[in-house]
Amino acid sequence: MGVSHRILAVSVAALSVGGALTAARPAGAVTPPYERPLSPALGALDHRAAEVTDIREILNKRSTQVSIYKGEDKTSIAVAANGRWAGSMWVPWVGNDGEMGKSIRISWGGTARYWVFQDYWNTSDLVRYSTTNSYQNSVPVPGSNTGGGRKSLTVQSDGTLALTNTG
């Protein structure tokens, strides 16, 4: 048996007993959510299918325009006073303070009020927000904030946020 046939036979044998051949991830590459550690301390991998949260509409119930900036792909939209935006905006995964620049930033009156993101480490695909651009000091967005899927984000007249499922 030639060298190439022996290598092929060993590779097939490794795969048949549950092994896998994988290439190393390039330096700086982001770990897909389905391969994120269950615990930073344990390093065990979570191989479940993570759900992406897709904001399909933004309702602005304020009497002033609200500006939305998504840092991950550098897109901006404006939602008029008492207005509505419809489209598709995936909520970025954030796992530490260094990644907060990917968040969806919500502003009005020239001041950033909220940074919204999907928590990379939370296995229920929790959507959180911060009022200080801090992962560590973030809290869940009120409403339907887990499970991924299509959502509506509302900026209430008092400036608070709420998420609802849209189906």
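A few notes on this one:
- Filtered by the rule that a residue be closer than 24 Å to residue 61 by Cβ and touching a residue at least 40 places away in the same chain (Cβ under 8 Å), the range 112-146 gives 113, 114, 116, 118, 127.
- In the range 147-167, the qualifying residues are those that are out of contact with any Pro (no Cβ under 9 Å at 6 or more places or on another chain) and among the hydrophobic types (A, V, I, L, M, F, W, C), and the one that is nearest to residue 62 (Cα to Cα) is 155.
- For the range 89-107, a residue qualifies if it is aromatic (Phe, Trp, Tyr) and surrounded by fewer than 18 Cβ atoms within 10 Å (Cβ to Cβ), and exactly one does: 90.
- Residue that is farthest from residue 82 (Cα to Cα) [pool: residues in the range 121-148 that are modelled with pLDDT under 95 and of a type outside the set (Val, Ile, Thr)]: 121
- Any hit, the range 68-79, residues being over 19 Å from residue 162 (Cβ atoms), touching a strand residue (DSSP E or B) at 6+ places or on another chain (Cβ under 8 Å), among the small types (Gly, Ala, Ser) and surrounded by fewer than 17 Cβ atoms within 10 Å (Cβ to Cβ): yes
- The residues on offer are 144, 134, 124, and the sole one that is out of contact with any Gly (no Cβ under 9 Å at 6 or more places or on another chain), surrounded by fewer than 20 Cβ atoms within 10 Å (Cβ to Cβ), small (Gly, Ala, Ser) and within 17 Å of residue 53 (Cα to Cα) is 144.
- Applying the condition of being of a type outside the set (D, E, K, R) and farther than 24 Å from residue 65 by Cα to the range 108-121 and asking which residue is surrounded by the most Cβ atoms within 10 Å (Cβ to Cβ) yields 118.
- With respect to the stated conditions, residue 158 is surrounded by fewer than 16 Cβ atoms within 10 Å (Cβ to Cβ) and at pLDDT 95 or above.
- Scope the range 57-111; condition without any contact (Cβ under 8 Å) to a residue 24 or more places away in the chain, assigned to a strand (DSSP E or B) and closer than 20 Å to residue 152 by Cα; matching residues: 75, 76, 77, 78
The values are calculated or read from the model by the stated rules, or taken from the named source; none is laboratory data. What you see is a predicted model; the values in this text were computed from it and never measured. Don't worry about glycine lacking a Cβ; one is built from the backbone with ideal geometry, like all the others, and counts go over all protein chains shown.
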